[in-house]
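Only one structure is covered here, and it is reproduced in the block below.
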Number of protein chains: 2
Amino acid sequence: MYSVYTPQSIEESLSRWRQICRWARQHDRCYLYQKDEPITCESGLIYFVRRGVVRLSSQPMGIEDDILPSLLSLVGAAQPFELVRELHVSLQATAHVKNTEVFWIKASEVATVPGFEIDVLQAFRYQHQRHILRLNNLTRGRAVDQLLGYLHLVGEEFGEEDNRELHIPFPLTHSQLAGAIGSTRVTVTRLLGDLRKVGEIRVQGGNRISLPIAKNLPPSLHLVE
Amino acid sequence: MYSVYTPQSIEESLSRWRQICRWARQHDRCYLYQKDEPITCESGLIYFVRRGVVRLSSQPMGIEDDILPSLLSLVGAAQPFELVRELHVSLQATAHVKNTEVFWIKASEVATVPGFEIDVLQAFRYQHQRHILRLNNLTRGRAVDQLLGYLHLVGEEFGEEDNRELHIPFPLTHSQLAGAIGSTRVTVTRLLGDLRKVGEIRVQGGNRISLPIAKNLPPSLHLVE
């Protein structure tokens with residue numbers, strides 16, 4: 001079961017993934033999305049990111065119209081996602097980067113490729129482990145720690161290493177970061193400035209953030225908030 | 001795959017669960033814990049709550065010694081849990097109620113009962129869905145909304161209905177609730193008082209909380225914080 005990370009099982013999973021992608025293309029299940037384009041999702045279907053990144057967020061409902069959407073999850077290539085229907089929570093999937101390609105599979109179809117069902121559920125288990133770390137981050141410390149902690153989690157999962165830095169390969173706007181830690185855009189702008197000044201992050205054009213690898217340490221700053 | 005909720009598949013899952021519990025007892029894998037007793041967990045093993053409730057929390061590390069442990073998850077009967085090892089995060093499992101019984105299974109053993117591997121992964125998928133809702137709650141609104149939202153999530157999962165109320169069947173201390181929403185004990189004490197006054201919750205002796213079922217509505221209060 002939990003041997004998914006041996007070289008052989010990774011090779012087998014990859015082979016199944018390619019097979020599923022081919023199948024999805026042949027059956028016209030792949031859709032291409034532009035940056036920030038909403039992805040219409042049906043309840044009960046499992047969606048897969050073929051390439052790109054999908055942002056799962058929740059829209060404020062009713063009286064909370066002035067509140068930012070929460071950024072709940074960023075789902076990368078070869079990962080599944082699904083929108084849980086819950087009373088009073090409106091979840092939304094959106095293409096986070098251009099040329100994000102997504103396909104869907106019916107519940108009953110997942111079991112047709114032997115081993116694929118386990119692959120999918122293992123991927124959800126992995127996402128569950130990551131979310132435990134996010135909950136830990138969100139219930140701990142000050143906004144600046146939560147912001148830096150969030151950037152480190154995203155960096156660990158998506159970051160590309162180059163020149164002793166971990167580059168987050170897509171932009172994250174100040175509003176999106178505020179929605180990820182339950183803060184406001186104005187606060188995030190200020191905190192990013194503070195983090196930049198003390199060298200904890202480097203911000204390039206277009207809201208692209210890099211983390212120095214030597215600084216890839218516990219987020220426990222002593223900035224004045 | 002996702003047919004786990006049909007009556008037949010539920011019956012099959014239950015039968016597998018009983019079989020695994022018997023097996024665990026025969027192999028001396030069951031341990032009984034008293035309330036608030038730590039559960040020593042090994043990395044790479046999967047743990048199962050046979051009865052009772054397990055609290056997953058993270059201990060503050062290093063300079064954060066004065067901060068409350070985060071309450072990351074409450075895991076009920078027949079649910080699995082595992083402690084992800086992460087640099088800089090110290091996760092801890094603790095028996096939340098008396099006579100909590102837990103057994104462990106090696107990764108390689110999970111596949112020995114046909115269908116059980118899928119059951120376990122489906123359970124993690126379910127927990128992942130619940131955590132999406134918790135992330136939504138934690139990144140939205142004020143502390144009072146987060147507190148009430150958290151109580152509703154716990155009530156939905158563990159609550160026992162009686163006399164038009166949903167009773168959370170175990171105590172939650174003010175410190176634990178503070179750790180669940182990243183607040184302080186003093187604030188939680190005040191907010192619980194506010195929620196009690198407006199009839200959103202009822203607090204019985206020993207930190208036992210009930211939610212009126214008619215009030216089982218979106219947590220969108222207008223209390224002055």
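The values are calculated or read from the model by the stated rules, or taken from the named source; none is laboratory data. Not measured: the values here are computed from a predicted model. Counting neighbours? That spans all protein chains shown, and the Cβs are built from the backbone with ideal geometry, glycine included. In case anyone asks, the SASA skips ligands and DNA or RNA and just uses the protein heavy atoms, side chains included. Shrake-Rupley method; radii C 1.70, N 1.55, O 1.52, S 1.80 Å.
Among residues of segment A:171-183 that are more than 9 Å from every other protein chain (Cβ to nearest Cβ) and within 12 Å of A:V154 (Cβ to Cβ), those with a beta-carbon under 9 Å from a residue that is basic (K, R) and part of a helix (DSSP H, G or I) at least six positions away or on a different chain give the pairs A:L177/A:R185.
Listed here are the residues, each with its yes/no results for (1) modelled with pLDDT under 90; (2) farther than 30 Å from A:Q146 by Cβ; (3) in a loop (DSSP other than H, G, I, E, B).
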position	(1), (2), (3)
B:K35	no, yes, yes
B:S43	yes, no, yes
B:Y47	no, no, no
B:S57	no, no, no
B:I67	yes, no, yes
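Note on segment A:147-177: among residues that are in a helix (DSSP H, G or I) and touching a Gly at 6+ places or on another chain (Cβ under 8 Å), the one that is nearest to B:S57 (Cα to Cα) is A:G149. The combined condition, being closer than 22 Å to B:A180 by Cβ, touching a residue at least 12 places away in the same chain (Cβ under 8 Å), within 9 Å of chain A (Cβ to nearest Cβ) and open to solvent by 40 Å² or more (accessible area, probe 1.4 Å), is fulfilled by B:H88. Just so you know, in segment A:143-168 the residues that are without any contact (Cβ under 8 Å) to a residue 24 or more places away in the chain and away from chain B (no Cβ under 14 Å) include one that is least open to solvent (accessible area, probe 1.4 Å), and it is A:D162. Looking at A:A123, A:A93, A:A77, can you tell me which residue is closer than 24 Å to A:F170 by Cβ and either charged (D, E, K, R) or open to solvent by 30 Å² or more (accessible area, probe 1.4 Å) (or both)? Answer to the check: A:A77.
Could you tell me whether segment A:20-37 includes any residue that is of a type in the set (A, V, I, L, M, F, W, C), out of contact with any helix residue (DSSP H, G or I) (no Cβ under 7 Å at 6 or more places or on another chain), open to solvent by less than 30 Å² (accessible area, probe 1.4 Å) and within 13 Å of chain B (Cβ to nearest Cβ)? Checked segment A:20-37: no residue is of a type in the set (A, V, I, L, M, F, W, C), out of contact with any helix residue (DSSP H, G or I) (no Cβ under 7 Å at 6 or more places or on another chain), open to solvent by less than 30 Å² (accessible area, probe 1.4 Å) and within 13 Å of chain B (Cβ to nearest Cβ). Test B:T94 against the criterion of being more than 9 Å from every other protein chain (Cβ to nearest Cβ), free of Cβ contacts under 8 Å to residues at least 12 places away in the same chain and outside any helix (DSSP H, G or I), and give yes or no. The answer is no for B:T94. Given the criteria among the aliphatic types (A, V, I, L, M), in contact with a strand residue (DSSP E or B) (Cβ under 6 Å, 6 or more places away or on another chain) and under 17 Å from B:Q129 (Cα atoms), does A:V84 qualify? Spelling it out, it is not the case that A:V84 is among the aliphatic types (A, V, I, L, M), in contact with a strand residue (DSSP E or B) (Cβ under 6 Å, 6 or more places away or on another chain) and under 17 Å from B:Q129 (Cα atoms). Does segment B:204-212 include one or more residues that are farther than 21 Å from B:R55 by Cα, of a type in the set (D, E, K, R), open to solvent by 30 Å² or more (accessible area, probe 1.4 Å) and outside any helix (DSSP H, G or I)? There is no residue in segment B:204-212 that is farther than 21 Å from B:R55 by Cα, of a type in the set (D, E, K, R), open to solvent by 30 Å² or more (accessible area, probe 1.4 Å) and outside any helix (DSSP H, G or I). A search for C-beta distances below 7 Å between a residue of segment B:101-122 that is on the phi > 0 side of the Ramachandran plot and more than 10 Å from every other protein chain (Cβ to nearest Cβ) and any residue that is in a helix (DSSP H, G or I) and open to solvent by 50 Å² or more (accessible area, probe 1.4 Å), counting only pairs 6+ apart in sequence or on different chains, returns B:G115/B:E12. Among the candidates B:R130, B:R140, B:R134, the residue that is of a type in the set (D, E, K, R), in a loop (DSSP other than H, G, I, E, B) and within 12 Å of chain A (Cβ to nearest Cβ) is uniquely B:R140. Residues in segment A:102-120 that are within 23 Å of the chain's Cα centre (by Cα) and open to solvent by 10 Å² or more (accessible area, probe 1.4 Å): A:W104, A:K106, A:A107, A:E117, A:I118, A:D119. Restricted to segment B:181-200, and to residues that are touching a His at 6+ places or on another chain (Cβ under 8 Å) and open to solvent by 30 Å² or more (accessible area, probe 1.4 Å), which residue is farthest from A:I181 (Cα to Cα)? Across segment B:181-200, the extreme among qualifying residues is B:T189.
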